[in-house]
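Asks: This is the structure, below, for whatever I ask next.
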Amino acid sequence: MNTTFTKVILFTDTDGRARFREENVPLTEGKPQALLSALMPSGGYQLRHSPVGFRSEFHCTVTPQWVVILGGHMEIGLQDGSSRVFRPGDHFYSADTVPEGATFDPAVHGHWSRQVGAEPLFTLFVRD
C-alpha cells in the first residue's frame, strides 16, 4: 500500500534558477481505505481559464501555491531549455520565487507556462 503522496515542486535553486524536484508527503491519517496527509493551511484559491495559444513570458511565482490541472494540458519551461507537461489530474507546487535580495532577471529567474493542444487549459491555484 502506498503510504505517501508525491509532491512535485517547482523551486528556485541556489543558483537562482527554477528546477523541479519531488518530495514524499506522508499519508498518516484517515483509514486504510482512504489515507490522508496532515491538514495543511491554505490562503484561498483561484480558478483560471487559459485559451488555446496562451503562453506566458518568463516569470517567478509571487506567492507559493499548488497548481492542479483540471482540464487541458499545461507545459512549464525552465531556463535550461527543459520542460514538463502536466495533464488533467496532475499537480505541482509552485515555489520558484525571486531569490531574496535579487532583482528579477528574465534570463536567469523563473519559468514560462503555456497551454498545449486543442483544448483550453483550466487550472486551480491554491495558495499557502
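Any read-out appearing in this document is the output of simple, stated calculations on the displayed coordinates, not a laboratory observation. All values reported here derive from a predicted model rather than from experimental measurement. Quick reminder, even Gly has a Cβ in these numbers, built from the backbone with ideal geometry, and neighbours come from all protein chains shown.
Asks: Which residue pairs have Cβ atoms under 6 Å apart, sit 6 or more places apart or on different chains, and have a first residue in the range 27-53 that is among the basic types (Lys, Arg) and a second that is surrounded by fewer than 10 Cβ atoms within 10 Å (Cβ to Cβ)?
Replies: If the second residue must be surrounded by fewer than 10 Cβ atoms within 10 Å (Cβ to Cβ), no pairs are left.
Asks: Check ARG84 against each of (1) out of contact with any Ser or Thr (no Cβ under 9 Å at 6 or more places or on another chain); (2) assigned to a loop (DSSP other than H, G, I, E, B) and name the one condition it does not meet.
Replies: (2)
Asks: Given ARG114, ARG17, ARG84, which one is over 23 Å from ASP128 (Cβ atoms) and in contact (Cβ under 8 Å) with a residue 60 or more places away in the chain? So that I can check it myself, show each step before the final result.
Replies: Details: ARG17 fails: over 23 Å from ASP128 (Cβ atoms); ARG84 fails: over 23 Å from ASP128 (Cβ atoms).
On inspection, the qualifying residue turns out to be ARG114.
Asks: Right, next: Just checking, how many residues over the range 54-81 are among the small types (Gly, Ala, Ser) and either crowded, with 19+ Cβ neighbours inside 10 Å or without any contact (Cβ under 8 Å) to a residue 40 or more places away in the chain (or both)? Reasoning before the result, please.
Replies: Filtering the range 54-81 for residues among the small types (Gly, Ala, Ser) gives 56, 71-72, 77, 81.
From what's left, either crowded, with 19+ Cβ neighbours inside 10 Å or without any contact (Cβ under 8 Å) to a residue 40 or more places away in the chain (or both): 72, 77, 81.
Of the residues in the range 54-81, 3 are among the small types (Gly, Ala, Ser) and either crowded, with 19+ Cβ neighbours inside 10 Å or without any contact (Cβ under 8 Å) to a residue 40 or more places away in the chain (or both).
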